[in-house]
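Accompanying notes for the structure given below.
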Amino acid sequence: MPQHSLDHKVAFVTGASSGLGLHFAKTLARAGARVALAARRKDRLHAAAREIGEAGGHAMSVALDVIDPESIDAAVARVADTMGPIDILVNNSGVATAKPALETTPEDWDGVLDTNLRGAFLVARAVARHLVDRGHPGSIINIASVTAFRTAGQLSAYAASKAGLAHLTSVLALEWARYGIRVNAIAPGYIETDINRSFFASPAGEAVIRRIPQRRLGKPEDLDGALMLLASDAGRYMTGTTITVDGGHVVSPL
Ligand SMILES: NC(=O)c1ccc[n+]([C@@H]2O[C@H](COP(=O)([O-])OP(=O)(O)OC[C@H]3O[C@@H](n4cnc5c(N)ncnc54)[C@H](OP(=O)(O)O)[C@@H]3O)[C@@H](O)[C@H]2O)c1
């Protein structure tokens, strides 16, 4: 079997109802994995799972709110009952609020941190418990951001959550290596999706693009190489690392 094959693997993708998570789910399905798409918007998940099935893949949808530990445990149990042991977790659910730090309320802060950091931890823990109970190896891929390493205005809560997630990745890798569980992260730069397309077409957005060394935004498919490396056996000796995929944005000059 080629190193990058995901045949017979089960992948659980959170935040798969839109954007990057939906793209990751389709990429993993095309590589042969059976994919469980999880998020809160069930109608979108159903439609995406059906689309993957019509394209020849195997997919199911499962409701999940990463704020709620019971919802996480129920989703992991349902995926395992339906598809078998989970091999790959793409821990992708996330929210961002853009607000000056001086105006950021405790509710704003908690909303972002509870989803992006606490939620990611609880999902990783639930999948790791599932794997340890079965003596089954696995690969956890956390979706961080270049804001884990560099600053950006109005993103104090978001950047702190992603810096926390990048460090959490290393700590979990250390604890779970003994169980055959690899934990890595991808830190995407600015990736063009439906949500930000109009901003990047504006003069302010074009100014941002000029600061990216490759002078372009990323496309979701630019993340596929890192995703496949970490998901497959090709990355078998990698754990605790965060791979930046950003057209060189974090190495742009001060
Ligand atoms: N796009 C970029 O340029 C970029 C760059 C760096 C990092 N990222 C990261 O990539 C990830 C995906 O972002 P995106 O750009 O694809 O944004 P998006 O389209 O808004 O997707 C976010 C996903 O997270 C899910 N989600 C939010 N809150 C949730 C909750 N409480 N429980 C379960 N799922 C929840 C949403 O699904 P529901 O609303 O249906 O629950 C949605 O599927 C995020 O972690 C983001 O921080 C994005």
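The values are calculated or read from the model by the stated rules, or taken from the named source; none is laboratory data. What you are looking at is a predicted structure, and each value in this text was computed from that prediction instead of being measured. Cβ: placed from backbone, ideal geometry, glycine included. Neighbour counts: every protein chain shown. To get the accessible areas, we keep the full protein, side chains included, count just its heavy atoms, and leave off ligands, DNA and RNA. Shrake-Rupley method; radii C 1.70, N 1.55, O 1.52, S 1.80 Å.
Annotation: average projected area of the chain is 13.8 square nanometres, based on the convex hull of Cα atoms across all directions. Counting only Cβ charges, +1 for Lys and Arg and -1 for Asp and Glu, the dipole size of the stretch 10-244 around its Cα centre is about 560 debye. Over the Cα atoms of the stretch 113-254, the radius of gyration divided by the Kirkwood radius equals 1.01; this is the Rg/Rh ratio. Under a 5 Å amide H cut-off, with hydrogens placed 1.01 Å from N, VAL245 pairs with ALA187, GLY189 among residues at least 5 apart or on other chains.
Here the relative contact order of the chain, from alpha carbon pairs under 8 Å that lie six or more residues apart, stands at 18 percent. Computed from backbone phi, the HN-Hα couplings of the stretch 36-43 come to 9, 9, 10, 4, 8, 7, 5, 4 Hz, rounded to whole numbers (Karplus: 6.51 cos²θ - 1.76 cosθ + 1.60, θ = phi - 60°; Gly and Pro given as x). Computed from backbone phi, the HN-Hα couplings of the stretch 70-84 come to 5, 5, 5, 4, 5, 5, 4, 5, 5, 5, 5, 5, 8, 10, x Hz, rounded to whole numbers (Karplus: 6.51 cos²θ - 1.76 cosθ + 1.60, θ = phi - 60°; Gly and Pro given as x).
Amide H to amide H distances under 5 Å link ALA36 with ALA11, PHE12, VAL13, MET60, where only residues 5 or more positions off or on other chains count and H is placed in the peptide plane. Think of each Lys and Arg Cβ as +1 and each Asp and Glu Cβ as -1; about the Cα centre, that makes the dipole of the stretch 59-137 roughly 340 debye.
Take the stretch 136-231 with all the other protein chains still there, run a 1.4 Å probe, and you get 46 Å² of accessible area per residue.
Just the protein heavy atoms count here, and of the accessible area of the chain at 1.4 Å, carbon and sulfur take up 54 percent. Projecting the Cα positions of GLY111, LEU64, ALA101 onto the charge dipole of the stretch 53-139 (unit charges on Cβ atoms of Lys, Arg, Asp and Glu, taken about the Cα centre) puts LEU64 furthest along the positive direction.
Once backbone amide H atoms are built at 1.01 Å from N, ILE212 has no partners under 5 Å, excluding neighbours fewer than 5 places away on the same chain. Of the residues LYS42, LYS162, the one with the largest accessible area comes first in the ranking LYS42, LYS162, computed with a 1.4 Å probe on protein heavy atoms.
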